[in-house]
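J.: Okay, here's the structure, questions in a sec.
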Amino acid sequence: MKKYVLILSAIILFSCQEKEEKTSQQSNNSENEKIEKFFEKTFKEDVDDSPMMLTRLGKKEKNDQWDDFSNEKYPKDLEKNKIRLTYLKDSIDTSQLSKENQLSYELMKDKLENDIADYKYRFYDYPVNQMHGYQAELPAFLINMHQIDSVEDAKAYISRLNGMKKAFEDISERLKIREKNGILPPKFVFTKVIDDAQNVIKGFPFERGKKESTLWEDFSKKVEDLKLSQEEKKQLKEEAKKALLTHVAPAYKTLIETLQDQNQRATSKAGVWKFPKGDEFYNNSLKRVTTTNLTAEEIHNIGLREVKRIHKEMIAIKDKVGFKGSLEDFFEFMRNDPQFYYDKTEEGKTAYLAEAKKTINTMKGRLGELFHTLPEADIKVKAVEAFREKSAGKAFYQAPALDGSRPGIYYANLYNMKAMPKYQLEALAYHEGIPGHHMQIAIAQELDSIPTFRKFNFYTAYVEGWGLYTEFLPKEIGFYQDPYSDFGRLAMELWRACRLVVDTGIHAKKWSREDGIAYYKSNTPNEESDCIKMVERHVVMPGQATAYKIGMLKILELRGKAKKELKEKFDIRDFHDVILSQGPLPLTYLENEVNSYIKKNK
């Protein structure tokens, strides 16, 4: 009898345990489903709140509207972030979450907390600047993002032209409130952005008998490609012409008047130390950009050390090619010898683009040696458009549409061919294209294993650190055979090391614009125009340029650790999967992922 009681007790106990496990599993599933729905809901809300983001994603909803550029948007976003953070903290039992959802939870919570904390700095930027200001971004958006596949798309484009007047009125108000808060760009910025704005309203239909304006040329070409009667095309063009004259021209004139007025009170002071609590703002910027706790002084000193190291490697190449003279003499030779530059002609520009495409295609054929995972999205190489090439950066990347309707684009700025030497072409193509930004961003967008919001997170140290790391990576599989090209790779890395010195110099050590230009000119082989543009970039994007080298050094450090601990088990393709398989991450989180990979495989 006792035996049967024991058996019965065991059966009951097992049944209870099984029931408890099932209940616990159901609870886990419930909490994971809840957080996953929340992730997608918040992403959808943010996308629906941004007609421009919808267009970037290849969607046609709201493609007749612009985003909200008014000052009222800031408190609305703050309130939204507070509500979301409260929900995460009060309504989610993190102990029930899967490892993947736990990471997503932490990333979203961190971002919300940072955005809320940074609300006090909402006016500490320059909405109109020579790097990515609205004066150039809005027309560039229409040209590169707004596809016209139908009459409805064409009419939506016209609606956006009409909407520019309100958009620039709001943007002008943003500028005015910043000035009231002591935030005013230095004088050089006004010269460049006024020129940009004036370029948009030059040519037909703004000026009779002149070359076509940029927006008119874009709209006309897109409409001509539609399968419509000539009468229908003519009608659409007439509507666009009216929109350009009655809304776009006044919009830009309003902006230009605001800028000209503010320019009268602008000074030559470059650093953000001039702002109220500017030092506090800059330290916060460094923290956000690098996703580390490195101080301005520490970053400055890292830069000085890296400059010294790279100079030594450059001297070795100088000696290898048989150049007699100092490193400074070699820099001068590289700046001025015509063998290193394409002609300043259309033929020269075409040749540059063709070589960049060839470089990327060659690299495509070797990716299997470095990666398990490859992007599905294609990439195109394109010159920066004429209306913004004078002030735009040297090169940049535009992500593909999420639905595959638009490829990734590597933009090369060919305004000044002396700023685009042949010996830097290879490294630049790797950084902006493959295996750089295109690999990282396209793969992130194509991941099924992470919530959508994480595909579009942007941690500068991760994204740009990867870009700089991938300039170096091809050397390890035999690229950069030409010593001058390898010198170009080092020149690009040197450029990023100098950024650590100059960015902190300008914003923390009160260097002038001229001090920064002088440092670049004496320590790099780059053309003077390059040096000027870079310093002016530091001025309007405080801290941003420090991310590249800090990110690259962390990736190399983590790779070195993995190699050392895993020894023969280390596979570069596995390591790259770890770096890319979670989408963009703060460097602290990236380190955790690599440590888990090492522990799992050791």
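J.: With +1 on each Lys and Arg Cβ and -1 on each Asp and Glu Cβ, and nothing else charged, work out how big the dipole of the chain is about its Cα centre, in Debye to the nearest 20.
T.: Dipole magnitude for the chain comes out near 780 debye.
J.: Using only the alpha-carbon atoms of the range 379-479, report the extent along each of the three principal axes, biggest first, to the nearest angstrom.
T.: Projected onto the principal axes, the Cα atoms of the range 379-479 cover 44, 37, 23 Å.
J.: Something else: Given q = 0.05, 0.07, 0.09, 0.12 Å⁻¹, what are the Debye log10 I(q)/I(0) values for the chain, with equal point scatterers placed on the Cα positions and solvent ignored?
T.: Log-scaled intensity ratios, in q order: -0.25, -0.48, -0.79, -1.42.
J.: Sticking with this structure for a sec: For the range 134-268, what class follows from the C-alpha gyration tensor (a ≥ b ≥ c being the square roots of its eigenvalues): rounded when a/c is under 1.5, otherwise prolate if a/b is larger than b/c, else oblate?
T.: Taking the square roots of the gyration eigenvalues as a ≥ b ≥ c, the range 134-268 is prolate.
J.: OK, next. So in the chain, what percent of DSSP beta bridges are antiparallel if you round to the nearest 5?
T.: For the chain, the DSSP antiparallel bridge percentage is about 40.
J.: To the nearest 20 Debye, how big is the dipole of the range 134-268 about its Cα centre, given +1 on the beta carbon of each Lys and Arg and -1 on that of each Asp and Glu?
T.: With Lys and Arg at +1 and Asp and Glu at -1, about 400 debye.
J.: Sticking with this one: Set Lys and Arg Cβ to +1 and Asp and Glu Cβ to -1, take the dipole of the chain about its Cα centre, and tell me which of P186, T470, S581 lies farthest positive.
T.: In the chain, that residue is P186.
J.: For the range 203-332, what is the charge dipole size about the Cα centre, in debye to the nearest 20, if Lys and Arg each add +1 at the Cβ and Asp and Glu each add -1 at the Cβ?
T.: Once rounded to the nearest 20, the dipole reads 20 debye.
J.: Which peptide among 341-349, 509-517 comes first, and what is the full order, when sorted by highest mean count of other Cβ atoms within 10 Å?
T.: Taking the mean over residues of other Cβ atoms within 10 Å, the ranking is 509-517, 341-349.
J.: Taking 2.2 N^0.38 Å as the expected size of a compact globular protein, what ratio does the Cα radius of gyration of the range 221-282 give against it, to two decimals?
T.: 2.07
J.: If you take the charge dipole of the chain about its Cα centre, with +1 on Lys and Arg Cβ and -1 on Asp and Glu Cβ, which of Q544, G516, G433 is farthest toward its positive end?
T.: Positive-most Cα among the choices belongs to G516.
J.: HN-Hα J couplings of the range 486-498 from phi, Karplus 6.51/-1.76/1.60, θ = phi - 60°, integer Hz, Gly and Pro as x?
T.: For the range 486-498, the Karplus-derived couplings read 5, 4, x, 4, 5, 4, 5, 5, 4, 4, 6, 5, 4 Hz, x marking Gly and Pro.
J.: So, one more: Bin width 10 Å, origin at 0, all Cα-Cα pairs of the range 74-163: what percent of pairs per bin?
T.: Bins of 10 Å from zero give 13, 26, 23, 26, 12, 0 percent of pairs.
J.: Among M534, Y352, V502, pick out the residue whose Cα is farthest towards the positive end of the charge dipole of the chain, where Lys and Arg carry +1 and Asp and Glu carry -1 on C-beta, about the Cα centre.
T.: Towards the positive end, the residue furthest out is V502.
J.: Can you give me the C-alpha center-to-center distance between the range 238-317 and the range 121-200, rounded to a whole angstrom?
T.: One Cα centre to the other: 16 Å.
J.: With a/c under 1.5 counting as rounded, go ahead and sort the range 27-130 into rounded, prolate or oblate using the C-alpha gyration tensor (a ≥ b ≥ c being the square roots of the eigenvalues; past the cut-off, prolate if a/b is larger than b/c, else oblate).
T.: Judged from the Cα gyration tensor, the range 27-130 comes out oblate (a/c at least 1.5, b/c at or above a/b).
J.: Let a ≥ b ≥ c be the square roots of the eigenvalues of the Cα gyration tensor of the range 307-439; is it rounded (a/c under 1.5), or, if not, prolate (a/b larger than b/c) or oblate?
T.: Cα axes put the range 307-439 in the oblate bin.
J.: Give me the compactness ratio for the range 280-554, meaning the Cα radius of gyration over 2.2 N^0.38 Å.
T.: So the range 280-554 has a normalised radius of gyration of 0.99.
J.: May I ask what percent, to the nearest 5, of DSSP beta bridges between residues of the range 280-554 are antiparallel?
T.: 45 percent
J.: Calculate one ³J(HN,Hα) per residue across the range 524-538 by plugging θ = phi - 60° into the Karplus curve 6.51 cos²θ - 1.76 cosθ + 1.60, and present them in order as whole Hz with x for glycine and proline.
T.: Taking θ as phi minus 60°, the curve returns 9, x, 6, 4, 4, 4, 4, 4, 5, 4, 5, 5, 5, 5, 3 Hz for the range 524-538.
J.: Sticking with this structure for a sec: Report the per residue volume, in Å³, of the convex hull enclosing the C-alpha atoms of the range 250-343.
T.: Spelled out: Cα convex hull of the range 250-343, divided by residues, is 238 Å³.
J.: Then there's this: As a check on your grasp of the helix formula, calculate [θ] at 222 nm for the chain: sum -39500 (n - 2.57) over DSSP H runs of n ≥ 4, divide by the residue count, round to the nearest 500.
T.: Calculated at 222 nm, the ellipticity per residue is -21500 deg cm²/dmol.
J.: Going by average Cβ density within 10 Å per residue, which order do the peptides 531-542, 60-71, 260-271 take, highest to lowest?
T.: Packing proxy ranking, top to bottom: 531-542, 60-71, 260-271.
J.: Let me ask something additional. Distance check, please: which entries in K41/K76; K37/K109; K277/K390; K76/K155; K62/K180; K44/K380 exceed 25 angstrom between their Cα atoms?
T.: K277/K390; K76/K155; K62/K180; K44/K380
J.: For the range 390-426 and the range 497-543, what is the separation of their C-alpha centers, rounded to whole Å?
T.: Cα centres, the range 390-426 to the range 497-543: 22 Å.
Only the coordinates and a few stated rules stand behind these numbers; no lab work does. Just so it is clear, the structure is predicted and the values come from calculations on it, not from any experiment. Because the Cβ atoms are built from the backbone with ideal geometry, glycine has one as well, and the counts that use them run over all protein chains shown.
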